[in-house]
Amino acid sequence: MNSDTPSSAGQLAAKNRKTIRRLWLVVLGMFGFGFAMVPLYRLACEVGGINGVAGTPAGRIAAASVMPVDTSRLITVQFDSTINSGLPWEFHPLERQKQVHPGQQVAVKYYVKNLSDQPIVAQAVPGVTPWQVTQHLKKLECFCFTQQTLQPGEAREMPVYFMIDPAVDKQYETVTLSYTFMNTDRDAAPKPEQHAAMTRRIP
Amino acid sequence: MSVATAHDDHHDSHDHGPPKGWQRWVYSTNHKDIGTMYLFFALFMLFFGGAMAMYIRAELFMPGVQLANPDFYNNMVTDHALVMVFGMVMPAAAGMANWMIPLMIGAPDMALPRLNNLSFWLLPAAALMLILSILAPYLFPGSGGPVNTGWTLLPPLSIQNGIGMDFTIFAIHMLGISSILASINIVTTILNMRAPGMTMMKMPLFVWAWFFTALLLIAVMPVLAGAVTMLLFDRHFGTSFFDAAGGGDPILFQHLFWFFGHPEVYVLLLPSIGVLGLVIPTFARKPLFGYKALVYGMGVLAVLGMVVWAHHQYTIGMSLFATNYFMIGTILISIPVGLMLMNFIFTMWRGSMTFETPMLFGIAIILMFSFAGVTGVMLAVVPADMQYHDTMFVVAHFHYALIPGAVFGLYAGVFYWLPKWTGHMYDERLGKIFFWWTTISFNITFFPQHFSGLAGMPRRIVDYSIQYTEFNMISSIGGFLFGLSHLLFLYIIIQTIRGGKKAPDKPWEGSQIGTPGLEWTLPSPPPFHSFTQAPVVK
Ligand code: HEM
Ligand SMILES: [Cu+2]
């Protein structure tokens, strides 16, 4: 219509088709962009570290190195455990907390038991609070580095070896190290709605 | 601007009216009829979403769990938002676009009339899906609990939800396709169908606003569609896009959602800014101050709006660099927003103003929306947001942004154009009563939520501790009054459709001032086919 000859309906249709084709390209491109974000986001996290306020993720193996032990102060490390919904396991640390010197190598054990009648593969995801300590908490060995498989009824004690870098700021006197175990097979895992306790039935 | 119209009397011979009965609507390719259907659909959804809001306010009237279980409460919070955003504001704005854009730019219809029919008819289907998602726990016992994630649909909860979530996802797919199709149609119409002489820079602000809105939708709706598709795959096909146990990252969904979600709030806002850009000059009887600045401002807003999404995610533990970037970007947004408001204020400056209902809404929007801008800047500041995040303060912020910024803008548009659409003047006295009733009750409802939020009351939780009782009671009483006021709104609309004083072609004295559209050159209501011969704008 914007052309000088309003009668050229064919011309207008062609022009419309061109515009529409371009707009569809944008739509498809953006749909693809959403999926491209999956690898791009992972890359951005690994290279740019945009997802870690703490810098290094808590799940990394630290190089075994000898650090001078700072005997002048003690840090309380608390151990915490969580079972994600849909994992019929028992999981808790064997001791709740420990007093450690920065630089001192520490070992702690977690107890885990498969309560179901099926073998289950699960993955533990670690976290450190306060987050500022994350990069100073060096793990030498951890059950969270690999997936754990437990046979029906099997129980196990799993060690964690770590130390706290003496470079950590003096203001951090208590640190919490927590783990959440997750079932890697979501479909086999019971749905949370089936745990009677978790959802009340609708009246 | 002078307009030579070639549309009137001479084409009676080939002006066939609309087909009769239901076929007129189901097979409609007429932009006015489709616009009308959009508007009625939105009106229906307004009451549907409003009913859910009434339940929410009734539940929160007192501490404790009174009316239903927590999952049902969270289901209502989720669907209230989805219905209001996708079912009410967007269709209402699209209805106005359908009705007005061709009339304003002198086009005979939308560029793609049949696609237009499809984009409308996807909506009732999507609404049906949403209703099914609410009913699913009762229709299919054992299929899982209600959808209780909130409108953000965050995993892992949304992965664990029952079959209701699948209906929700399909509803979002349909709504998404509908708005993408509508947007393509609108952009094509604006670019190619303008009457000779109607250059881009002569277009009414409403058309510009919808131009940017449609571009935003085309850019971000597909990303939401992709995100919920991945969610669907995680739920049923064993992928782990967002499942931490399988190596995925639930945070990625948040990024994808808010990459869509923040531009979406501008999608809701911009059409109403467009309406303001017509209402304010009309009733101030002065051309728009800084028309060009407003157009560029909206463009800047649209572009900036695409790169600040993670201000919704300050608390997830992003790197400090990323957090700072999003904070600065978000604060920058207030510049174009402030500029637009200033332009409207300067338009009124020394104008000869009259205060008909649309103008009352216009002025109230400027005041109350600025308030949302202020709380927005508070929320943009990271250390402050660490406190405010997920409290009622955020709820207060976005209701001040969305109800004046989007909903009242649409009400202003309804009152501004009802005479054009129906051929009748609405009852000005009732319009004014409706304005004061809604505005006062809106403030009673949401103002106290700033305080309960600052005091720490979390959002999306069915119960609260007793020190928030007074704030919530005030809020609930305001909420019921606000809900009730809409019965008057419905009454006014029905009354105006059925009769009333005959509306002249130019119902408003100032409607030709500044950059008006060509709609005022047509009779009220306009004929079924308009501008079959292109008018010439000089
Ligand atoms: C100066 C402009 C604005 C700024 C700086 C701003 C900033 C923010 C921030 C930082 C949040 C996140 C708060 C949190 O979750 O902790 C937020 C939430 C929100 N804003 Fe705004 N905002 C602005 C304008 C708007 C406008 C114009 C709209 C809509 C028309 C809007 C709608 C919303 C909505 C819907 C949410 C909450 C979404 C949700 O969590 O469900 N805001 N805003
Ligand atoms: Cu935002």
*According to a simple spin-label model (label point 7 Å from Cα along Cα-to-Cβ), what is the distance in nm between B:M201 and A:D80?*
6.0
*Calculate what fraction, in whole %, of the accessible area of chain B sits on carbon and sulfur atoms when a 1.4 Å probe is rolled over the protein chains.*
72
_As an exercise, use a Förster radius of 45 Å and the Cβ-Cβ distance of B:V536 and B:K20 to find the FRET efficiency, rounded to the nearest 0.05._
0.85
*Shielding by other protein chains, B:311-317, mean Cβ within 10 Å*: 1
*In chain B, which helices (entire DSSP H runs) extend 24 Å or more along their own long axis, judged by Cα positions, while averaging at least 1.6 on the Kyte-Doolittle scale?*
B:205-236, B:320-348, B:357-380
*Exposure of B:D427 as accessible area (Å², to 10), given a probe of 1.4 Å and all protein chains*: 50
*Based on the Cβ-Cβ distance from B:F44 to B:V374, what FRET efficiency comes out when R0 is 30 Å, to the nearest 0.05?*
0.30
*Any chance you could check the Cα centroid distance between region B:27-93 and region B:206-270 for me, in angstrom?*
21
*Heavy-atom accessible area, 1.4 Å probe, ligands and nucleic acids excluded: residues of region B:185-202 down by at least 30 Å² from chain alone*: B:T188, B:N192, B:M193, B:R194, B:P196
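Please compute the average number of Cβ atoms from other chains found within 10 Å of each residue's Cβ in peptide A:31-43. The partial results should precede the final answer.
On the way: counts 9, 3, 7, 13, 7, 1, 9, 9, 0, 1, 5, 4, 0.
Across A:31-43, the average partner-chain Cβ count within 10 Å equals 5.
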_Other protein chain Cβ atoms within 10 Å, averaged over every residue that makes up B:242-252_ = 5
_Solvent-accessible ranking of B:R459, B:R429, B:R350, B:R194, largest area first, probe 1.4 Å_ = B:R350, B:R429, B:R459, B:R194
*asked:* What's the ranking of B:367-377, B:133-143, B:153-163 by average number of surrounding C-beta atoms within 10 Å, highest first?
replied: B:153-163, B:367-377, B:133-143
*Heads up, I need the accessible area for A:F35: 1.4 angstrom probe, whole protein in place, Å², nearest 10.*
70
*Measuring from centroid to centroid over Cα atoms, what is the spacing of region B:431-493 and region B:103-138 in Å?*
30
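The values are calculated or read from the model by the stated rules, or taken from the named source; none is laboratory data. What you are looking at is a predicted structure, and each value in this text was computed from that prediction instead of being measured. Please note: Cβ atoms are built from the backbone with ideal geometry, for glycine as well, and neighbour counts cover all protein chains shown. Please note that ligands, DNA and RNA were not included when accessible areas were found on the heavy atoms of the full protein model with its side chains. Shrake-Rupley method; radii C 1.70, N 1.55, O 1.52, S 1.80 Å.
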